[in-house]
Amino acid sequence: MPQNSLARLIPFYLIIFIDNLSVSLVLPVLIPISYDPSAGLIAVGGSGTRDVFYGLAIGLYSLAMFFGAPLLGSLSDLFQRKRTLALCLSGLFVGYALTVWAMLSKDVVLFLAGRVVCGLFSGSLPVAQAAIIDVTPKEHRVTAIGRIMFWVSMGYVAGPLIGGYLSDATLVSWFTLQTPFVFVAGATLLNLVILLVTYREQRVAKPADGFSLPNPVARLVEAFRFPGIRVLSVALLLMSLGWTAFFQFIGLYLTANEGFDQRTVGNLISVVGVGLAAAFLVFVPLTAKWARPMAVVPAALLIMTACIVATTLTGAVAVLYPVGLLGAIGYGLAYSGLVGLMSVAVDDSHQGSIMGMAGAIAASSAGVTGVVFGLIDGAGLLPILSAAVLVLLAAVLMGVRSTAVEPAANAGVDGNG
């Protein structure tokens with residue numbers, strides 16, 4: 001099928017890869033940017049000021065993505081996929097150019113502005129997914145979705161390695177803290193050229209009611225009012241808050257308390273990415289065959305809780321790597337199970353809304369945890385212990401719900417949320 005060849009879809013898989021790479025690339029390199037008085041952005045300032053900057057640099061990106069992703073999705077329906085994706089890539093390039101400029105000029109405000117711009121234009125995953133589905137026959141869409149998740153996972157594997165290694169001057173003398181951002185800006189620009197040159201768009205029908213400005217806050221609130229998924233939405237929110245707090249602050253905690261450098265942090269976060277890839281590509285399909293989601297989700301959440309707590313007990317990488325890997329697998333199982341339960345709890349006409357709600361919960365959680373824990377205690381133990389408590393609460397909630405709906409589940413009904 002020449003029109004659906006892998007070569008034709010490469011620009012979209014690269015967009016998905018770069019989107020997720022940009023989320024994780026910043027984590028190891030942002031630590032010296034925030035806390036190194038000589039090489040970083042803040043020459044003078046106490047730990048509290050640096051914690052706040054670190055939290056804002058993470059949180060503002062995610063909050064911008066929370067507002068930008070629904071808008072980009074709506075624009076893609078109105079102006080077609082190619083134009084919208086070209087806009088996303090152009091915006092990302094500008095955002096990373098601002099980031100590099102800010103670092104060279106030691107401008108904290110400009111750096112945060114660059115993070116906001118990157119966040120606004122990084123929500124291209126739904127648009128790229130839609131473009132792939134547009135040109136993929138129905139009988140091949142499951143395979144296509146599997147490839148999408150592979151590239152999502154690979155972004156989380158490669159991003160921390162690129163951030164950690166390309167910023168380490170002990171490896172190559174001309175590597176600096178700006179190098180990873182220059183790399184991703186160049187990759188973004190190259191992907192834009194590939195998209196413009198190679199992709200011939202397949203026209204899709206425009207929405208009959210025209211363009212309407214999406215309201216992501218209303219979509220988020222709807223998740224907790226929608227009949228049948230209220231408890232599931234609360235559990236997903238608790239888990240997302242816990243996981244993002246852990247993911248965002250574990251590197252900073254280990255740097256401040258165990259003496260990790262950016263390469264070691266990058267390696268650990270990359271291992272977490274490998275766990276996500278293994279979960280979505282291997283363990284989720286396997287458990288779907290042998291166990292009910294209502295049994296898998298509480299168990300996976302308890303595994304996550306144990307792994308998060310374990311990372312605070314030792315600085316030995318021989319322990320942290322398998323713990324991070326197992327925790328990420330637990331997250332993949334819990335997330336897939338929760339979203340799957342939300343999906344089967346509603347009819348086909350609401351599937352798009354459910355996926356939008358799940359995305360809104362995930363994006364808003366990342367924004368909230370970054371800002372809040374940066375303001376409170378970024379480099380301390382609080383974000384990690386709070387993450388464990390939040391995930392444990394989700395496990396308890398799902399355990400209680402599982403017991404409550406067991407008779408209905410045995411009768412073939414999932415029960416209300």
Reported set for segment 104-132 where residues are open to solvent by 10 Å² or more (accessible area, probe 1.4 Å) and either closer than 15 Å to Leu196 by Cβ or more than 21 Å from the chain's Cα centre (by Cα) (or both) is Leu104, Ser105, Lys106, Asp107, Val108, Val109, Leu110
Checked segment 40-63 for anything of a type in the set (Gly, Ala, Ser), open to solvent by 10 Å² or more (accessible area, probe 1.4 Å) and in contact with a Lys or Arg (Cβ under 8 Å, 6 or more places away or on another chain); matches are Ala43
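If you take the residues of segment 151-181 that are hydroxyl-bearing (Ser, Thr, Tyr) and part of a helix (DSSP H, G or I), which of them is modelled with the lowest pLDDT?
The selected residue is Ser153.
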Given the structure, is Tyr13 modelled with pLDDT of 90 or more, open to solvent by less than 10 Å² (accessible area, probe 1.4 Å) and aromatic (Phe, Trp, Tyr)?
no
Would you call Ile329 in a helix (DSSP H, G or I), touching a helix residue (DSSP H, G or I) at 6+ places or on another chain (Cβ under 8 Å), closer than 24 Å to Arg147 by Cβ and open to solvent by less than 20 Å² (accessible area, probe 1.4 Å)?
no
Checked segment 233-255 for anything closer than 16 Å to Val309 by Cα and of a type in the set (S, T, N, Q); matches are Thr244, Gln248
For Leu375, the lone unmet condition from (1) closer than 20 Å to Leu27 by Cβ; (2) of a type outside the set (Gly, Ala, Ser); (3) crowded, with 23+ Cβ neighbours inside 10 Å is (3)
| request: Return yes when Gly275 is modelled with pLDDT under 95 and at positive phi and no when it is not. | output: no
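Look through Ala310, Ala279, Ala300 and report the one residue that is in contact with a helix residue (DSSP H, G or I) (Cβ under 9 Å, 6 or more places away or on another chain) and either of a type in the set (Phe, Trp, Tyr) or surrounded by fewer than 22 Cβ atoms within 10 Å (Cβ to Cβ) (or both).
None of the others qualify; the one that does is Ala310.
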Looking across segment 276-313 at residues that are touching a residue at least 12 places away in the same chain (Cβ under 8 Å), β-branched (Val, Ile, Thr) and part of a helix (DSSP H, G or I), the single one that is farthest from Ala256 (Cα to Cα) is Thr287
Please tell me if Pro28 is of a type outside the set (Lys, Arg) and surrounded by 21 or more Cβ atoms within 10 Å (Cβ to Cβ). yes
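The values are calculated or read from the model by the stated rules, or taken from the named source; none is laboratory data. Everything numeric here is computed off the predicted structure, so don't read it as measured data. Neighbour counts run over all protein chains shown; Cβ positions are idealised from the backbone, glycine included. What goes into the accessible areas is simple: the full protein's heavy atoms, side chains included, and nothing from ligands, DNA or RNA. Shrake-Rupley method; radii C 1.70, N 1.55, O 1.52, S 1.80 Å.
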